[in-house]
Amino acid sequence: MDEAGAAVTGLIAAGADAWDRAGLLPVDLLRGLGAEGRLCAQVPAAYGGWGLDSAAAGAFTAHVGSLCSSVRSVMTSQGMAAWTIERFGTPEQQAAFLPRLTGGELAAAGFSERGAGSDLSAMTTRVRRDGDTVVLDGHKVWVTAAHYADLLVLFGKYTEHEEHAERAETDSGAGSGAAGGDDAVAVVVPADTPGVRVTRVADPLGCRAAGHADISLDGVRVPATHVLGGAALPLPLLVTTALAYGRMSVAWGCVGILRGCLTAAARHAATREQFGAPLGEHQLVARHLAELYVAERTATRACEHASRCWDEGSPDQVVATVLAKHVSAGNAARGAATAVQVLASAGAQDGHPVARAHRDAKLMEIIEGSNEMCQLMLARHVLSSA
Ligand SMILES: Cc1cc2nc3c(=O)[nH]c(=O)nc-3n(C[C@H](O)[C@H](O)[C@H](O)COP(=O)(O)OP(=O)(O)OC[C@H]3O[C@@H](n4cnc5c(N)ncnc54)[C@H](O)[C@@H]3O)c2cc1C
């Protein structure tokens, strides 16, 4: 393990269980990690980041993921916010916001709404231009790290003027509530802006300390210079670009979960004896270990391939990322369940890393493109080349 990995182990490993139980991460720790550029390590050095490529950032993400999925989730959100600013922001916006994200401020990215989960085109959050400001109205749900965030990168449908907004709502059909059209924007909103209300999601199944929260936006006014790129873009382009970063980060985080589970299961199977022999010598338990090893290796390979595609700018990048996310999340969910099986009562309680991994990994099959959404995207890819 390199120096950065060892340092982060010292900061996170001992606290992960207590933070999970408390449902909170120490904010000073997050700010400290952020101020060292660790929460969004791909941001270029010119903006205070480490300028890591996808493969190196992935290795670091996996390491953090092996220790604490809540911290890794905060990293994913910070990185996704930074990536969105990097990809869509003007040079002035990059210079204004990125050093804040590598300087200790925390960020979250909000797409999802009550009526718009898998189908983000159903988003109804509206961003309306008003002179040299924009006004946001709407409601985001389950935004990771929003509880801790200073800056929120929020996605909404865009209208130039109030009258356009009204017409769009009428055109979109009775009851749909959609702002109409496919033009969308990503806006950087300071979390303390009047009209922003952040409410924690109660008792999440896993990643309990990741600060998931709902965000309501009631006439939230920010300067128009906070609209990334200063103009509307097609919604699918905006969300796909931002989510691609999140997918890659979650995929590597799942590799970390698998590594933690493999280590715990192997150690237990080598040392605990039943029927006069270590568990690992009973063939059905040995099979569990083999399956976990295969799960970790295949997820690692899928992530390495996808990161290589990112680093080489390969046209296969999008599909490779979806594949990596799908393989890693599924393997992590099944692998963590297998690890609990190997440890049995020893791992079946809050306080054991495999119990935490089991809860955390399940959620990875839902976010940044659920299993089903990933399968649909992969099937579309197959069909497009038939
Ligand atoms: C831990 C966690 C962290 C999150 N973090 C964030 C965040 O940081 N920012 C953010 O904006 N959102 C976040 N979310 C929200 C997340 O993006 C959504 O939960 C996800 O997109 C799924 O939406 P949904 O929960 O509304 O499920 P639904 O869209 O209602 O789907 C329910 C089920 O139906 C399946 N399904 C839906 N449509 C189809 C279809 N056409 N074909 C086949 N199956 C289908 C889904 O795959 C799923 O299994 C987070 C959620 C969780 C649980």
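The values are calculated or read from the model by the stated rules, or taken from the named source; none is laboratory data. Bear in mind that the values here come from a model prediction, so they are computed numbers and not experimental data. So basically every Cβ, Gly included, is an ideal-geometry build from the backbone, and we count neighbours across all protein chains shown.
Pairs meeting the criteria (first residue in segment 58-78 and outside the structural domain of Leu25 (by TED's automatic domain parsing), second residue in a helix (DSSP H, G or I) and away from the ligand (no atom under 11 Å from the Cβ), beta carbons under 6 Å, at least 6 apart or on different chains) are lacking. Residue count for segment 114-131, restricted to those that are touching a residue at least 60 places away in the same chain (Cβ under 8 Å) and touching a Ser or Thr at 6+ places or on another chain (Cβ under 8 Å): 5.
Condition check ((1) farther than 30 Å from Gly51 by Cβ; (2) more than 20 Å from the chain's Cα centre (by Cα); (3) assigned to a helix (DSSP H, G or I)) across all residues:
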residue	(1), (2), (3)
Val74	no, no, yes
Ser77	no, no, yes
Ala81	no, no, yes
Thr84	no, no, yes
Ala95	no, yes, yes
Pro99	no, yes, yes
Glu105	no, no, no
Ala109	no, no, no
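Kindly check whether there is at least one residue in segment 94-112 that is among the β-branched types (Val, Ile, Thr), at negative phi and more than 15 Å from the ligand (Cβ to nearest atom). Yes, some residue in segment 94-112 is among the β-branched types (Val, Ile, Thr), at negative phi and more than 15 Å from the ligand (Cβ to nearest atom). Only a single item in (1) in contact with a Leu (Cβ under 6 Å, 6 or more places away or on another chain); (2) buried (at least 16 other Cβ atoms within 10 Å of the Cβ) is not met by Gly253, and it is number (1).
Scanning segment 120-159 for residues that are assigned to a strand (DSSP E or B), of a type outside the set (D, E, K, R) and within 24 Å of the chain's Cα centre (by Cα) yields a total of 13.
Answer with yes or no whether Asp137 is free of Cβ contacts under 8 Å to residues at least 60 places away in the same chain and among the acidic types (Asp, Glu). It is false that Asp137 is free of Cβ contacts under 8 Å to residues at least 60 places away in the same chain and among the acidic types (Asp, Glu).
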